[in-house]
Amino acid sequence: MQTAPFVELLAVPSALAKNPLFDIIIEDKINIQNYCNALIAKILELKQSQFPAFIDYQFNQVKNPEIWICKLEKLLANNEAFFSSKTAMSRYNKLYILIEKKRTELQSLSVKEPVVKTPKKFINAESEDRYFSFYEIKKQLEKINDDNQKILLLTKEMFEYQQANIEFINQKTPFYDAQCTKEIENIYALQKIQTAIKEAQNHNAGIQMPFKKMQINCNLNQFIDIHYQFLRELFVDGKSILDGSVNDMVAIIVNSYLDKDGKDISPETVKTILTPSRTEKRPKPHKRIDIDKML
């Protein structure tokens, strides 16, 4: 499939779709090829009666609807072969009619309600399709509460700038991609500081004491069998000496001890030895450390 040079690739995985019917769904990496593939698939999937609502929905998502509609027209032209059947050709013609209608509406709106342009002094650079303004990006970032979404936006803008055919660079502003990179570094730095503050607060509150794993010097199955006895065989007032689940015990052993060779202990090994039916995994009677006899 041939692509068209879309500037805005607004797509989401199915799990994050707000409107699964009209959202462009991409499970893999979002790039030009995958976006165009998904857009053509969506056009072939929708009913013709849904085309106007689909176009309106996409218009409300993108920053520049006029550029988006032009790229959609280019995508259809580049992939005319996909619409060779009689039914598909009907879709093709319907979309072209809608594209012309939308273009007329946009031109009419631009006459009635001129868009306030960003002053030249706040534009870092211009390409054939768009301009790059870190001043505007900063205003968008102020409306986003999630750091990951901020980093995603900045990374996307940085890549678009680096791949664009730049026709004008404002020498009085820093390079656009450099400002995006610096802002990402600032976000990571703040995250690191916030994490350090939380860890210090937790430490001061005594929530977590630092420790290192202790090494056992007997056979692993002997050591785990001791815990099995506490869980399954030894009781006080009708209750096992240790009251908890197998998963709790697995976590305690794995997170607290190393085997006699100083290596980490496998959770699956611990769970197997603690399973009542797996008697062959626990030590033979003559090798067992019998806790009951010590009490």
**OP:** Starting from the coordinates of the alpha-carbon atoms of region 182-261, obtain the Kirkwood hydrodynamic radius over all distinct pairs and give the value in Å to one decimal.
**Re:** 16.2 Å
Subject >> Over region 141-295, equivalent-ellipsoid semi-axes from the Cα gyration tensor in Å >> reply: 57, 18, 14
Original post:
Once amide H atoms are placed 1.01 Å from N in the peptide plane, what residues at a sequence separation of 5 or more from residue 258, or on another chain, have their amide H within under 5 Å of its amide H?
Top reply: 214, 215, 216
Subject >> Ratio of Rg to Rh over region 114-200 (Cα coordinates, Kirkwood Rh, two decimals) >> reply: 1.05
Original post:
Of 102, 47, which has the most accessible area and how do the rest follow, probe 1.4 Å?
Top reply: 47, 102
Subject >> residue 243 accessible area, 1.4 Å probe, all protein chains in place, Å² to nearest 10 >> reply: 140 Å²
Original post:
So what J values fall out for region 78-84 if you push phi through Karplus, 6.51 cos²θ - 1.76 cosθ + 1.60 with θ = phi - 60°, rounded to Hz, Gly and Pro as x?
Top reply: 5, 10, 4, 4, 5, 10, 6
Subject >> Leading residue at positive end of dipole, region 41-166 (Cβ point charges), from 152, 76, 162 >> reply: 76
Original post:
Are any of the pairs 42/138; 74/139; 18/121; 29/150; 63/86; 29/212 more than 30 Å apart by Cα-Cα distance, and if so, which?
Top reply: 42/138; 74/139; 18/121; 63/86; 29/212
**OP:** Give the carbon-plus-sulfur fraction of the accessible surface of the chain in %, rounded to a whole number; probe 1.4 Å, heavy atoms of protein chains only.
**Re:** 54 percent
**OP:** Check cross-link reach from residue 192 to the aspartates and glutamates: straight Cα distance under 19 Å, and skip same-chain residues fewer than eight apart.
**Re:** 146, 147, 183
Original post:
At a Förster radius of 45 Å, what calculated FRET efficiency corresponds to the Cβ-Cβ distance of residue 146 and residue 85, to the nearest 0.05?
Top reply: 0.55
Subject >> Additional length obtainable on full extension of the chain from residue 139 to residue 94, 0.36 nm per residue less Cα span >> reply: 12.4 nm
Subject >> Per principal axis, descending, Cα span of the chain in whole Å >> reply: 94, 56, 35
Subject >> 3J(HN,Hα) from dihedral phi, region 54-67, Karplus parametrisation 6.51/-1.76/1.60, rounded to Hz, x for glycine, proline >> reply: 5, 4, 4, 4, 5, 4, 6, 8, 7, 6, 10, x, 5, 5
**OP:** Name the residues whose placed amide hydrogens come within less than 5 Å of the amide hydrogen of residue 288, ignoring near sequence neighbours (fewer than 5 apart) on the same chain.
**Re:** none
**OP:** Work out from phi, with θ = phi - 60° and the Karplus expression 6.51 cos²θ - 1.76 cosθ + 1.60, the ³J(HN,Hα) of each residue of region 187-194, listed in order in whole Hz, and give x for Gly and Pro.
**Re:** 4, 4, 5, 5, 4, 4, 5, 4
**OP:** Would you mind pulling out the separation of the Cα centroids of region 138-208 and region 54-111, in Å?
**Re:** 35 Å
**OP:** Give, to the nearest whole percent, the P(r) tail of region 1-93 beyond 16 angstrom, counting all Cα pairs.
**Re:** 54 percent
Subject >> For the chain, accessible area per residue (1.4 Å probe, heavy atoms of protein chains only), Å² >> reply: 65 Å²
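The values are calculated or read from the model by the stated rules, or taken from the named source; none is laboratory data. As the structure is a computational prediction, the values presented were derived from the model and not from experiment. Counting neighbours? That spans all protein chains shown, and the Cβs are built from the backbone with ideal geometry, glycine included. Remember, those area values only see protein heavy atoms, side chains included, never the ligands or the DNA or RNA. Shrake-Rupley method; radii C 1.70, N 1.55, O 1.52, S 1.80 Å.
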